[in-house]
1. Of all residues in segment 306-330, which are among the hydrophobic types (A, V, I, L, M, F, W, C), over 15 Å from the mean Cα position of the chain (by Cα) and part of a loop (DSSP other than H, G, I, E, B)?
2. Identify the single condition in (1) modelled with pLDDT of 95 or more; (2) out of contact with any strand residue (DSSP E or B) (no Cβ under 7 Å at 6 or more places or on another chain); (3) surrounded by 17 or more Cβ atoms within 10 Å (Cβ to Cβ); (4) assigned to a loop (DSSP other than H, G, I, E, B) that THR8 does not satisfy, given that it satisfies every other one.
3. Could you tell me how many of the residues in segment 134-193 are within 16 Å of the ligand (Cβ to nearest atom) and in a loop (DSSP other than H, G, I, E, B)?
4. Look at ASP161 and say whether it is under 24 Å from the mean Cα position of the chain (by Cα), farther than 21 Å from VAL29 by Cα and free of Cβ contacts under 8 Å to residues at least 12 places away in the same chain.
5. For the subset of segment 201-239 comprising residues that are more than 14 Å from the ligand (Cβ to nearest atom) and part of a helix (DSSP H, G or I), which member is farthest from LYS293 (Cα to Cα)?
6. Give the residues of segment 39-55 that are exposed (fewer than 15 other Cβ atoms within 10 Å of the Cβ) and part of a helix (DSSP H, G or I), sorted by residue number.
7. Against the definition (under 26 Å from LEU227 (Cβ atoms), surrounded by fewer than 23 Cβ atoms within 10 Å (Cβ to Cβ) and at pLDDT 95 or above), how does GLU430 come out, yes or no?
8. If a residue must be assigned to a loop (DSSP other than H, G, I, E, B) and within 16 Å of the ligand (Cβ to nearest atom), how many such residues does segment 248-293 contain?
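The values are calculated or read from the model by the stated rules, or taken from the named source; none is laboratory data. What you see is a predicted model, and the numbers here were worked out from it, not measured in a lab. Here the Cβ positions follow ideal geometry from the backbone for every residue, glycine too, while neighbour counts run over all protein chains shown.
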Amino acid sequence: MKIAVAGTGYVGLVAGVCFAEMGHQVVCVDIDEKKVEVMKSGVSPIYEEGLQDLMRKNYAAGRIDYTTDYASAYKDADAVFLGVGTPELPDGSADLSYIATAARQVAENVEKDSLVVVKSTVPVGTNDKVDQFIQDFLVHDVHVEVASNPEFLAQGSAVYDTLHAERVIIGTETAWAEDRLKAIYEPFNLPIVSVNRRSAEMIKYASNDFLALKISYMNDIANLCELVGADIQDVAEGMSYDERIGSKFLNAGIGFGGSCFPKDTKALDYLADQNGYELQTVKAAIGVNTKQKTALFRKASNRLITFSGLKVAVLGLTFKPGTDDLREAPSLDNVPLLLSKGADIYAYDPVGADNFAKLYPEGPNDRGSITYVNDVEEALKDANVCFIFTEWGEVKAIQPEQFNELMRTPLVFDGRNIHPIEEMENSGVEYHSIGRKTVKSQLRSGVSQ
Ligand code: UDX
């Protein structure tokens with residue numbers, strides 16, 4: 001089938017490439033000419049495992065192309081997937097202007113019967129509005145319908161998640177739309193759940209917000225574990241054997257970030273408000289997460305008199321490993337706090353440092369300073385304090401004795417519970433983490449105690 005994809009962010013580009021991989025003829029549309037040139041040259045604009053290889057393979061095979069010329073892309077497409085952004089507005093609602101623009105461009109240019117498929121996460125009821133909007137602006141005498149097909153990929157494993165999705169949700173209002181969307185997904189050979197459009201839209205929010213709740217619940221329990229002398233990792237393990245609970249998403253830490261959970265919890269809360277309903281569970285998850293992001297900083301502030309004049313190693317800046325994305329990353333909450341308290345930060349991140357440096361350029365900042373370094377050792381060398389914000393492989397690989405050898409005072413605040421408590425005991429490192437006991441050690445001088 002001939003497929004056009006609007007938007008070449010995580011959702012659009014990964015979908016486009018995977019459709020091409022499955023044998024469809026794909027054209028990806030983006031307004032950014034430079035980005036289109038970069039993609040044509042075989043370079044992925046985002047860091048995502050396996051994506052660039054598939055882009056090159058399918059471009060060489062003539063199955064995928066990139067363009068800014070939306071009119072010709074939409075003209076004869078059997079389906080147009082909308083994967084444009086739906087960023088959060090200041091009131092927590094989703095900005096639908098990119099969806100509206102793309103929908104109108106389709107309506108004005110499509111010259112054959114076509115299915116418009118909304119892949120972006122949109123509030124319940126949006127597909128109905130997009131459908132009406134398209135009928136209003138349709139120029140040619142063709143049949144166009146709208147279907148919902150929410151995306152469940154996680155960054156860092158986007159291609160794998162798309163090709164091996166646990167389920168494909170399709171939300172349609174007619175058999176014609178359902179059949180066409182099923183035909184597109186047929187070569188993927190994945191379980192398909194076919195529902196109406198509003199249910200499909202809700203499945204996306206309900207799934208993401210459930211996961212956000214699950215993490216926040218564990219963070220809440222972790223904070224209580226600290227107070228009563230329990231260990232959150234042992235608690236999680238004990239819970240995980242219950243198949244009704246499952247073993248995934250039980251990791252307590254420094255709060256969830258990324259482009260989905262923070263945005264989608266606020267959007268569903270907003271939708272409930274708009275409908276006169278108080279969504280207490282999701283509101284609680286939002287509240288717990290906001291507080292959790294600075295839990296480690298508060299711990300460190302209670303432990304130290306000041307950060308002024310201290311070399312502070314920051315390991316990991318991105319919201320999770322495997323991506324260069326900084327959206328809603330806990331580092332964005334903690335770095336300014338540390339700078340305001342006079343910390344001299346030495347930050348390491350294997351792929352996120354360049355993006356972070358755009359927000360916090362190297363040099364003096366507030367009452368402290370920030371320097372970007374190329375490896376973990378450089379960050380830890382002579383440091384007084386170390387914060388772990390992202391569980392990158394090279395951060396997980398640090399041995400307790402390395403903290404001890406490299407740091408001036410091995411005082412570690414681990415926001416990802418990377419190190420087993422037993423390993424840290426007798427290592428000479430003072431080790432604080434989330435929901436577990438603090439490992440105390442007699443530190444060398446160099447930090448006010
Ligand atoms: C998420 C969903 O997983 C995906 O299905 C949806 O389509 C988009 O949102 P993503 O944001 O890419 O994907 O990453 P994910 O791996 O889910 O992690 C989100 C955040 O939760 C990260 O900040 C991560 O560190 C945090 N997290 C995850 C925890 O704190 N604990 C956990 O147990 C799992």
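1. Within segment 306-330, PHE307, LEU310 meet the criteria.
2. The number of the failed condition is (2).
3. 15
4. Numbers: under 24 Å from the mean Cα position of the chain (by Cα): yes; farther than 21 Å from VAL29 by Cα: yes; free of Cβ contacts under 8 Å to residues at least 12 places away in the same chain: yes.
Answer is yes for this residue.
5. MET202
6. LYS40, ASP53
7. Values: under 26 Å from LEU227 (Cβ atoms): yes; surrounded by fewer than 23 Cβ atoms within 10 Å (Cβ to Cβ): yes; at pLDDT 95 or above: yes.
Answer is yes for this residue.
8. Here is the first cut: in segment 248-293, the ones assigned to a loop (DSSP other than H, G, I, E, B) are 248-260, 275-279, 293.
In the following step, the residues that additionally are within 16 Å of the ligand (Cβ to nearest atom) were identified as 248-260, 293.
Number of matching residues: 14.
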